[in-house]
Amino acid sequence: MSVILFDQSSAVATVTINRPDKLNALNADVLRHLWETLLGIQANADIRAVVITGAGSKAFVAGADITELHQNNEQTGRQFAEHGQRVFTLIENLGKPVIAAVNGFALGGGCELAMACHIRFASENAVFGQPEINLGIIPGYGGTQRLPRIVGTAKALELILSGDRIDAAEALRLGLVNRVLKQESLLNDSLAFASSLADKAPLALRACLEATQSSATSSLRDGLDIEARMFGATCGTEDFLEGTKAFLEKRQATFVGR
Ligand code: COA
């Protein structure tokens, strides 16, 4: 059985981390297959939105695999972190919306994986946290960088320094997740949302992702330049002509990604 399950239904791909007996902990095998799966999704123009979830009913991902993590020293530890960061940055820069359907524990690398996704929906039993401090290390797959960008430095530090876990309701209050849903409907609701995004103009979706994400690293001046450039680029697409024409003709637009 593969550690990564891939499913495609019309324009939406579902990627499932599949090590339920180890609460979907991320080992080298999972990261390698995840990387390859993501590259395939990126190259496939028929896929316009993605949902990432965990197998089973208990965990999204309970972190990096601690058995493998334990083997590290100072040199390999850095590479270990860089490798996971590369995979998660590919998610962030995939160019298509990625929704994390967080169906249980999202600890350490699991919380970091969810944060690399663009939207997070959580089940009521989801649990978030960065418990690395309890292992004598710091988050290494982006937690010290993405968590403060999402919830602010003060809350991020509270979570990272204490290693405390928070429930889905608290994650919603902090803005760490977009929605909390019943566990039975989490995947279907996530797929329905992904499908609604998949109907939109793909080049405009990509530009929305890039322009909005640039706000985390750009000055306002530079960010506005990026926005104007991308706005201009989308005005040059067939989909722009179709979207505006469909509005004027009072009909649904059909976008082709050109
Ligand atoms: N790495 C490797 N194995 C892990 C794991 C991880 N991050 N998280 C869970 N597992 C394994 C357990 O070792 C156990 O395996 P076993 O049945 O062969 O003993 C199995 O998954 C089930 O986990 P278990 O701890 O028995 O479940 P639980 O319900 O009692 O506790 C957690 C759930 C999530 C609270 C607990 O597993 C945990 O704290 N995991 C580590 C979280 C963490 O520190 N992540 C950050 C890593 S950087």
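The values are calculated or read from the model by the stated rules, or taken from the named source; none is laboratory data. The model shown is predicted, which means the values in this text are computed figures rather than measured ones. Neighbour counts run over all protein chains shown; Cβ positions are idealised from the backbone, glycine included. Just the protein is used for accessible areas: all its heavy atoms, side chains included, with ligands, DNA and RNA removed. Shrake-Rupley method; radii C 1.70, N 1.55, O 1.52, S 1.80 Å.
Among beta bridges from DSSP that stay inside the chain, the antiparallel ones total about 30%. If you model the stretch 4-198 as an ellipsoid using its alpha carbon gyration tensor, with each semi-axis the square root of five times an eigenvalue, the axes come out at 24, 20, 15 Å, biggest first. Which net charge results for the neighbourhood of G77, defined as the other residues with beta-carbon distances under 13 angstrom from its beta-carbon, given Lys and Arg at +1 and Asp and Glu at -1? So the surrounding residues net to -3.
Could you tell me the calculated FRET efficiency between K182 and K22, based on Cβ-Cβ distance and R0 = 30 angstrom, to the nearest 0.05? Computed FRET efficiency for K182 and K22 comes out at 0.70. Taking 0.36 nm per residue of sequence separation and removing the Cα-Cα distance, the S196/T254 pair yields an extension gain of 19.6 nm. In the stretch 202-248, the portion of solvent-accessible area held by carbon and sulfur atoms comes to 65 percent [1.4 Å probe, whole percent, DNA, RNA and ligands not counted]. Note on the chain: dipole from Cβ charges, positive end direction compared against L187, G84, G140; the farthest Cα belongs to L187. Largest GNM mean-square fluctuation across E68, E92, E112, computed for the chain with C-alpha springs under 10 Å, falls on E68. The residues of the stretch 118-258 present an accessible area of 59 Å² per residue when probed at 1.4 Å with all protein chains retained. The gain in end-to-end length when the E238 to D7 segment is fully stretched comes to 80.2 nm, 0.36 nm per residue minus the alpha carbon separation.
One decimal place: the segment Q42-E92 gains 16.9 nm when fully extended, by the rule 0.36 nm per residue minus the C-alpha distance. When the Cα gyration tensor is reduced to axis lengths a ≥ b ≥ c, the ratio a/c is 1.5 or higher for the stretch 124-246, and with a/b not above b/c it is classed as oblate. Give the distance, in whole Å, between the Cα centre of the stretch 1-25 and the Cα centre of the stretch 123-146. About 21 Å separates the Cα centre of the stretch 1-25 from the one of the stretch 123-146. The Cβ shell under 10 Å around A49 holds other residues with a net charge of +2, Lys and Arg each +1, Asp and Glu each -1.
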